[in-house]
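Trainee: Sending over a structure as structure tokens; questions will come in a sec.
Each reported figure results from applying straightforward, stated rules to the coordinates on display, with no laboratory input. Fair warning: this is a prediction, and the values are worked out from it, not measured in the lab. Positions of Cβ are backbone-derived with ideal geometry, glycine not excepted, and every protein chain shown enters the neighbour counts.
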Amino acid sequence: MSVQKSLVGVLVVLVIVAGVGGYFAGSSAVPPPRTVTSVVTQTVTTTVAAATVTRTVTTTLPAQTVTSTVTLPQQTITITVTPTPRTVTPPPSTPPQYWPKEIVFRTYSVGSPGYVLGGAISSLVEKELGVKISIQPGASAANLLAIANGEVEMAYTHAAWVAFAKDPAKAVSVWGQNVNLSNVRYVLGPTEKYNVLITKRPDFPVNSIRELADYIKRGNSVRLAVGGPAASLEDFLFRWLLERYGVTEDIIRRSGGSLSVPGEAQAVESLIGGKVDLIFDVCALPSSNYMQLETRMPDVKTIALTDEDIDFILNVLGFKGSLVVDNLPKGTYKFITSEYRTLFTFTILLIRADIPRDLVYQITRVICENTEYLVKAVSGFSAFDPSSAWKFSSNLETHAGATQYYLDRGYIK
């Protein structure tokens, strides 16, 4: 009798132990709230579903099995996670020997906002890092090929060109060859937003690209200018649009006209001076060149892209996703007297993959931490946001040095 009572006592204890053990076995799947030192605190609330936990215990006096089942109720827990703080690495007191002594930076045409911005960035880098940056004028499409071929170490390009470079058929249509981007890395963007803007003399009798093409085909002499240099986005877009309506540069010349690519500053000056009838441009806003135009030629007129033009650019040429429909509000410039329908893209900064990681880190830091200075140099730089600069890579690989800076600042979580 006493043996039986002892066995019952043992079994009762085992049942209790099994139940309690089963409860904590289930609870151990959910870690208790924890707090670690952090810069940014993130609180996550999650719900743990109800669960049934079974614990089986085998005794030996005599051998028998006891099963205990505990049902855990649904419960909501809150976990507070604060990441370990990161510290931005300061620049070295002197440039390391393995850093290049000079970096060639291909920007946009002389006098353009991109060229001026490149000069301002160059000054900052030379002052803070002791590395000389030589600024060269260039054009968006040509710049992408130049950095891909190793002709320069840094370059601006319009994000719209990256998809073209990655498509062999499109690459050949633009550059006449394939473009190998394997040694090209993204740093940051957008540094500026660029919009299509078409301006003309007040008395020039055309109001669309189609009308311009028809006017030329009737044998009229026209003087046309592109706001960028040869191989710029505006150069290609304008030629492709004219060809869409049956006009080539040969036809323009046979009619006694011209198509020049002088760059934005000279194109605007020529329009003001009566040497050009129409400018097709892809320009940053605001542009000092067009601020001069609104002052010195207040009656200048604009031509907007039609639905037909936009459909051709986005869907036939294949810029959908890299050029975006936009509307410039009335008063953007004094000569924009009603909402102006257009397309926009943006500039990204590229660098060679073989530039040292710590140097790219510091170049990224210098730009991101001197935004006020750069906006004073070029107001269009106000489009730049350091906290999201890592997001606009256009599917290019980001340089490891730039990525590390964004991580250290906590921009990339």
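Trainee: With each pseudo-label sitting 7 Å past Cα toward Cβ, what's the Asp408-Glu126 distance in nm, one decimal?
Mentor: 2.5 nm
Trainee: Could you please report the charge total around Thr248, scoring K, R as +1 and D, E as -1 over all other residues with beta-carbon less than 15 angstrom from its beta-carbon?
Mentor: My count for the surroundings of Thr248 gives 0.
Trainee: Sort largest first and round to whole Å: the equivalent ellipsoid semi-axes of the stretch 367-413, each the square root of five times a Cα gyration tensor eigenvalue.
Mentor: 21, 13, 9
Trainee: Turning to a different aspect of this structure: Kirkwood hydrodynamic radius (Cα pairs, Å) of the stretch 82-210?
Mentor: Evaluated on the stretch 82-210, it is 17.5 Å.
Trainee: Around Ile336, under 12 Å between beta carbons, what's the net of Lys plus Arg minus Asp minus Glu among the other residues?
Mentor: In short, +2.
Trainee: What is the order of Tyr373, Tyr115, fewest Cβ neighbours within 10 Å to most?
Mentor: Lowest to highest Cβ neighbour count: Tyr373, Tyr115.
Trainee: So, one more: Provide the FRET efficiency to the nearest 0.05 for the Arg254-Asp214 pair, computing r from the beta carbons and using R0 = 22 Å.
Mentor: Rounded to the nearest 0.05, the efficiency is 0.90.
Trainee: For an R0 of 51 angstrom, estimate the FRET efficiency from the Cβ-Cβ distance between Tyr98 and Asp203 and round to the nearest 0.05.
Mentor: Computed FRET efficiency for Tyr98 and Asp203 comes out at 0.25.
Trainee: Can I ask one more? Which of rounded, prolate or oblate describes the stretch 266-413 when judged by the alpha-carbon gyration tensor and an a/c cut-off of 1.5?
Mentor: prolate
Trainee: Spelling out what I want: for every residue of the stretch 220-227, take phi, set θ = phi - 60°, compute 6.51 cos²θ - 1.76 cosθ + 1.60 (Karplus), and round to whole Hz; glycine and proline get x.
Mentor: So the Karplus estimates, Gly and Pro as x, are 7, 8, 10, 10, 10, 9, 9, x Hz.
Trainee: Round to a whole angstrom and tell me the spacing of the C-alpha centers of the stretch 347-413 and the stretch 197-262.
Mentor: Taking the Cα centre of the stretch 197-262 as reference, the centre of the stretch 347-413 is 37 Å away.
Trainee: How big is the C-alpha Rg of the stretch 86-413 next to the rule-of-thumb value 2.2 N^0.38 Å, as a ratio?
Mentor: It is 1.02.
Trainee: Fewest Cβ neighbours within 10 Å first, please rank Phe319, Phe238 accordingly.
Mentor: Starting with the residue having the fewest Cβ neighbours, the order is Phe319, Phe238.
Trainee: Would you order Tyr406, Tyr215 from fewest to most other beta-carbon atoms within 10 Å of each residue's own beta-carbon?
Mentor: In order of increasing Cβ crowding within 10 Å: Tyr215, Tyr406.
Trainee: While we're looking at this one, here's another question. Just how far, in whole angstrom, is the stretch 275-337 from the stretch 88-154 if you go by their alpha carbon centroids?
Mentor: 29 Å
Trainee: Further, regarding this structure: Packing-wise, with mean Cβ within 10 Å as the measure, how do 300-307, 258-265 rank, highest first?
Mentor: By packing density, highest mean first, the sequence is 258-265, 300-307.
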